[in-house]
Amino acid sequence: MMETAELKQQVKEQIIHFLNLTTVKPEDITDDEPLFGEGLGLDSIDSIELIVLLSREYGITIQDPKEGRKILTDINTMVDYIEKNRTK
Amino acid sequence: MPYFHQSVCISPQNSFPETDLSRIRESKNNWLEATEPDYPGIPAAVKRRMGKSVRMAVGASIPLLKKFPPPDGMVIATANGGMEDCIRFLNQIHEYKEGLLTPGSFVQSTSNAAAAQIAILTKNHNYNITHVHRGLAFENALLDVVMLLKENPQAGYLLGSTDEISAYNYNIDRIAGWFRDEPVLNTGLFEKPAKGTIAGEGAFMVWMNNERTAAQAEMMAVKTIHTVDPGLVLKTMEKFLSENLPSGETPDLVLTGENGDIRMAPYIDIVESYFNESVPVARFKHFCGEYCTASSFACWLAIQIVQCGFVPPLLIKKKGSRSSCKRILIYNNYRDIQHAFILISAVERV
């Protein structure tokens, strides 16, 4: 099983790739920085891209939008959810 | 009469933000890729989602939308829209077996994405349309604005075009014979005519209205035709000129879309040979490459030329003996079948 730190690095790289954040590097994203609004400044279209990312890369299906907002708060919450729920 | 006002052209050459047509940038691997600015006017979060064609169109429109009042309509030409995003979306469908797909590539790949993005960024809810008629997309957009200005003489419109090179489609077109198999530079495109040409891309935006004051050029007429008969092209041009120029007069410059493809040569030859030796002939596709809306680059060139009365030497095919350049006939040919004539004139100052 992948170490948490390694998984965080992978998720950051995937976010940059999926969202085409060409000017952002993985080290620019801190683990507790909000992904939406302030911080990385993502928006609602990005949240759909991230939900697709979770499905494709980790086999996680998010049905409830409220649940999605909690999971996608920051890197820590995303990685925590992935570790507990991934199917691949 | 419709007039062209300020325009912006993002092209493979030095056209934006500064214009320098005394030098030519060389193609690479039979591509003439547009040189993009940094687009400071496009918000970063919006820009990162944009494909190249949308980015070029929006980037070219921003200086005009800052300068002029909100347009009464936005009329954009693009034959293919965001081709790279289209391929990305189709690949997703295949890769994920028509399952969960992301919206970004789909939204950006639609033909009307450029016009829509410009409208969204400027919160403009007026007439918004995209013309997609392959090699005549720009001419149809231009015709649309001309008709709109007849109906609404006080209005002002944003006319534009955009098309990008897509690696996937380039390969399909190359296999189909539309692009050269052997390496050729744009600077040597006309030296050894053969089947195929080089690929290009770019975006053009111009403000149009019926006000002569401060206009940069006058839009006299546009005519399109589908045919594979060079004789019919000649007849169409003769009629077009007789309807739009004073009897016995000819343009001061013929600007053709010659692209080094021998299949287009009969049309170019018949158009050029119609005029006597005094009429200069210039060509533009070694500057911009071949793409569906390449005639918009010619339109931008014509606007520059009638303002300064000088034809950049790198464009000239036949010098002629005219002392001024006030009226330009653009003839473009797309893939042997779509032909267009545009007549542009210097603005008569009264």
Open item on the list: Restricting to the range B:202-217, count the residues that are part of a strand (DSSP E or B) and over 17 Å from the mean Cα position of the chain (by Cα).
Closed with: 1
Task: Index of the failed condition, B:Phe16 passing every other in (1) surrounded by 21 or more Cβ atoms within 10 Å (Cβ to Cβ); (2) more than 22 Å from the chain's Cα centre (by Cα); (3) aromatic (Phe, Trp, Tyr) - done: (2)
Open item on the list: Tally up the residues in the range A:20-39 that are of a type in the set (A, V, I, L, M) and either more than 10 Å from chain B (Cβ to nearest Cβ) or within 24 Å of A:Asn85 (Cα to Cα) (or both), please.
Closed with: 2
TODO: For residues that are touching an Asp or Glu at 6+ places or on another chain (Cβ under 7 Å) and not polar (S, T, N, Q), scanning just the range B:85-128, find the one that is nearest to the other protein chains (Cβ to nearest Cβ).
DONE: B:Gly104
TODO: Search the range B:38-52 for residues being surrounded by fewer than 15 Cβ atoms within 10 Å (Cβ to Cβ) and either in contact (Cβ under 8 Å) with a residue 60 or more places away in the chain or more than 9 Å from every other protein chain (Cβ to nearest Cβ) (or both), and hand back the single one that is farthest from the chain's Cα centre (by Cα).
DONE: B:Pro43
- [ ] Restrict the check to the range A:80-88 and report whether at least one residue is more than 30 Å from B:Asp38 (Cα to Cα), touching a residue at least 60 places away in the same chain (Cβ under 8 Å) and surrounded by 17 or more Cβ atoms within 10 Å (Cβ to Cβ).
- [x] yes
TODO: Go through the residues of the range B:101-109 one by one and say whether even a single one is in the same structural domain as B:Ala167 (by TED's automatic domain parsing) and farther than 22 Å from A:Asp46 by Cβ.
DONE: no
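Residues checked against (1) at pLDDT 95 or above; (2) closer than 28 Å to B:Ala215 by Cα:
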residue: B:Val233; (1), (2): yes, no
residue: B:Leu255; (1), (2): yes, yes
residue: B:Ser295; (1), (2): yes, yes
residue: B:Glu348; (1), (2): no, yes
- [ ] Tell me, yes or no, whether the range B:63-82 has at least one residue that is part of a loop (DSSP other than H, G, I, E, B), within 14 Å of another protein chain (Cβ to nearest Cβ) and farther than 18 Å from B:Lys123 by Cβ.
- [x] yes
TODO: Would you mind telling me which numbered condition in (1) assigned to a helix (DSSP H, G or I); (2) more than 15 Å from B:Thr102 (Cβ to Cβ); (3) polar (S, T, N, Q); (4) within 14 Å of chain B (Cβ to nearest Cβ) A:Ser55 fails?
DONE: (2)
- [ ] Determine, yes or no, whether B:Ser161 is at pLDDT below 95 and not assigned by TED's automatic domain parsing to the domain that holds B:Glu290.
- [x] no
- [ ] Quick one: count up the residues across the range A:22-46 that are in contact (Cβ under 8 Å) with a residue 12 or more places away in the chain, in a loop (DSSP other than H, G, I, E, B) and over 20 Å from A:Lys70 (Cα atoms).
- [x] 1
Open item on the list: Looking at (1) outside the structural domain of B:Lys285 (by TED's automatic domain parsing); (2) part of a helix (DSSP H, G or I); (3) hydrophobic (A, V, I, L, M, F, W, C), which one does B:Val184 not meet, given that it meets all the others?
Closed with: (2)
TODO: Note down all Cβ pairs under 7 Å where the first residue falls in the range B:158-171 and is within 11 Å of B:Phe138 (Cα to Cα), the second is crowded, with 24+ Cβ neighbours inside 10 Å and among the charged types (D, E, K, R), and they're at least six residues apart or on different chains.
DONE: B:Asp163/B:Glu201
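The values are calculated or read from the model by the stated rules, or taken from the named source; none is laboratory data. All figures in this text were calculated on a predicted structure; none of them were measured in a lab. In this analysis, Cβ positions are derived from the backbone assuming ideal geometry, glycine residues included, and neighbour counts consider all displayed protein chains.
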